[in-house]
Every structure is written in structure tokens, then in C-alpha cells.
Amino acid sequence: QVQLVESGGGLVQPGGSLRLSCAASESPLDWFAIGWFRQAPGKEREGISFLSTGDGSTYYADSVKGRFTISRDNAKNTVYLQMDSLKPEDTAVYYCADRPGSIATYAGWYKFWGQGTQVTVSS
């Protein structure tokens, strides 16, 4: 069973940057996808960035496109989310998740989830 652990969250000023990490307990041989989701109080969980290990495809939600970048370090079994030009509306708990197969944006299709890391953007 894959286990995921997020880290890198914290408090940052508007316009600042953070890099989140998602460390996996193993590297499955099968094609799978990693997704980054976030959830703010009173809002539904939002899929914001995804990466396919099978072909390297990526996807970004419009809300973060051009500001966030997803990447993977295969040797470290870690996926990163580089977040630049952060805005107060980016404040949320950020989760990484894993599913077999290709990229999907629906949270219910993801099998494994990390514990979440808080990102707060405030002046």
C-alpha cells in the first residue's frame, strides 16, 4: 500500500513562493498519476495540478496555471509542487494523492492520500 507524506507548507506573504513535497513510500511499477488538491474552509476539495508517471503529462487548473509547477524526482520517490506568485486565495490545506492509471481531476478517483499541509498566504 502506497503511503504519501506532504511537507513544505507554512506562512508566506502575497507574491511569495513555497515548494511542497510529496514523498511516497514506494515507486509502483504500474502507470499511475499524482494529483495535488487543496481545500479551504467551507469549500470543496479542488484539484489543482496533476502528473502522469506513464508519459510525463501534466495538467493545471486555471486558478494556478502559470504560477504553479508540478515535477517529479524519480530517484527520491518525491513529487513537488512549486508555488510562485502566491495569493491570499491560495490559502488552504494542500494534499497529494495517488491513483492507478491516467490523470483524473475528480478527487474520488484517487486511492491514496497524504495527511495534508497547511499553506497560509497573508500579509
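The values are calculated or read from the model by the stated rules, or taken from the named source; none is laboratory data. Fair warning: this is a prediction, and the values are worked out from it, not measured in the lab. Using ideal geometry, Cβ is built from the backbone for each residue, glycine included, and neighbour counts are taken over all protein chains shown. Just the protein is used for accessible areas: all its heavy atoms, side chains included, with ligands, DNA and RNA removed. Shrake-Rupley method; radii C 1.70, N 1.55, O 1.52, S 1.80 Å.
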- Message: Residues of the stretch 67-107 with the amide nitrogen closer than 19 Å to a label point 7 Å from the Cα of GLN3, along Cα-to-Cβ, please.
- Response: 76-79, 95-99
- Message: How large is the Rg to Rh ratio of the stretch 30-70 when both quantities use alpha carbon positions and Rh follows Kirkwood?
- Response: 1.03
- Query: Can you tell me the accessible area per residue over the chain, all protein chains present, probe 1.4 angstrom, in square angstrom?
  - Reply: 52
- Message: Please list, in order, the residues from the stretch 101-123 whose amide nitrogen is less than 11 Å from a point placed 7 Å along the Cα→Cβ vector of LEU11.
- Response: 120-123
- Give me the percent of the accessible area of the chain that comes from carbon and sulfur atoms, probe 1.4 Å, all protein chains in place. 47
- Relative contact order, percent, of the chain when contacts are C-alpha pairs under 8 Å separated by at least 6 residues? 37
- Task: Grab the other residues whose beta carbon is less than 11 angstrom from that of SER52, score K and R as +1, D and E as -1, and report the net.
- Result: +1
- Message: Which lysines, if any, have their Cα less than 30 Å from the Cα of LYS76, not counting same-chain residues under 8 positions apart?
- Response: LYS65, LYS87, LYS111
- Would you mind getting me the FRET efficiency between ASP62 and GLU26? Use the beta-carbon distance for r and R0 = 25 Å, nearest 0.05. 0.15
- Hey, what do the phi angles of the stretch 94-108 turn into as Karplus ³J(HN,Hα) couplings, whole Hz, using 6.51/-1.76/1.60 and θ = phi - 60°, x for Gly and Pro? 9, 10, 9, 8, 9, 9, x, x, 8, 4, 9, 9, 8, 4, x
- Message: Which one, GLY10, SER21, LEU51, projects farthest toward the positive side of the charge dipole computed for the chain from Cβ point charges (K/R +1, D/E -1)?
- Response: GLY10
- Residues whose built amide H sits under 5 Å from the amide H of ARG72, excluding neighbours closer than 5 in sequence, are TYR80
